[in-house]
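Below: one structure, written as structure tokens.
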Amino acid sequence: MKLLLDACVWGGARAELAAAGHDVVWVGDREDNPEDDEVLAVAHREGRSVVTIDKDFGELAIVHRRPHRGILRLVGFSARQQGSATLTAIERHGEELAAGALIVAEPGRLRIRPPEDDLDAE
């Protein structure tokens, strides 16, 4: 799966995800600090799902109707748990995420908002 890790996600999660066979880019490697809107646009252009701890991505997708390829928000995980939490969410709901779902992962709980058909066409 193609993933874009937001700068707020621990950079060490990238190695764990890449070792599991995922194509991972981390925003923290960039010299600039792009705004969330730009991160979402880059991920969409590159066909990547965004992994973040920032709730603003959900607002961009739902309220402002920005196109995306799925957003996974991690809540309540330590930095060192973020990679494994992402892997668990992908194992269980990777197809939905890649199709544009919004997923909130919390310890012991996953909430899924299915993709909206009209956004997928953009």
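Treat each spin label as a single point 7 Å out from the Cα along the C-beta direction, and report the Arg109 to Ala79 distance in nm.
Inter-label distance under the simple model: 2.6 nm.
State the antiparallel share, in %, of DSSP beta bridges confined to the chain, rounding to the nearest 5.
On the way: 5 of 19 bridges.
Bridges in the chain that DSSP calls antiparallel: roughly 25 percent.
Among Thr52, Thr86, which comes first, then next, by fewest other beta-carbon atoms within 10 Å? The partial results should precede the final answer.
On the way: Thr52 23, Thr86 29.
So the ranking, lowest neighbour count to highest, is Thr52, Thr86.
How much length would be gained if the chain were fully extended between Asp32 and Glu46, taking 0.36 nm per residue of separation minus their Cα-Cα distance, in nm to one decimal? All intermediate terms of the calculation are to be shown ahead of the outcome.
Numbers: separation 14, 0.36 × 14 = 5.04 nm, distance 1.83 nm.
Gain in length upon complete extension: 3.2 nm.
Take every Cα pair under 8 Å in the stretch 2-120 that's 6+ residues apart, average their separations, divide by the length, and report that relative contact order as a whole percent.
Working: 216 pairs, mean separation 29.3, N = 119.
Relative contact order of the stretch 2-120: 25 percent.
Hey, fewest Cβ within 10 Å first, where do Arg14, Arg109, Arg92 land in order?
Details: Arg14 22, Arg109 9, Arg92 14.
The order, fewest Cβ neighbours first, is Arg109, Arg92, Arg14.
What is the order of Ser84, Ser49, Ser78, fewest Cβ neighbours within 10 Å to most?
Ser78, Ser84, Ser49
In Å and on Cα atoms, what radius of gyration and Dmax does the stretch 2-120 show?
Here Rg and the maximum Cα pair distance are 12.7, 36 Å.
Can you work out the Karplus-derived ³J(HN,Hα) for every residue in the stretch 77-93? Use 6.51 cos²θ - 1.76 cosθ + 1.60 with θ = phi - 60°, whole Hz, and x for glycine or proline.
Values, residue by residue: 9, 5, 3, 6, 8, 5, x, 5, 5, 5, 4, 4, 4, 5, 4, 7, 9 Hz.
Quick note: the coordinates plus some simple rules give every number you see, no bench work behind them. Computed from a predicted structure; not experimentally measured. We place every Cβ from the backbone using ideal geometry, glycine too, and count neighbours over all the protein chains shown.
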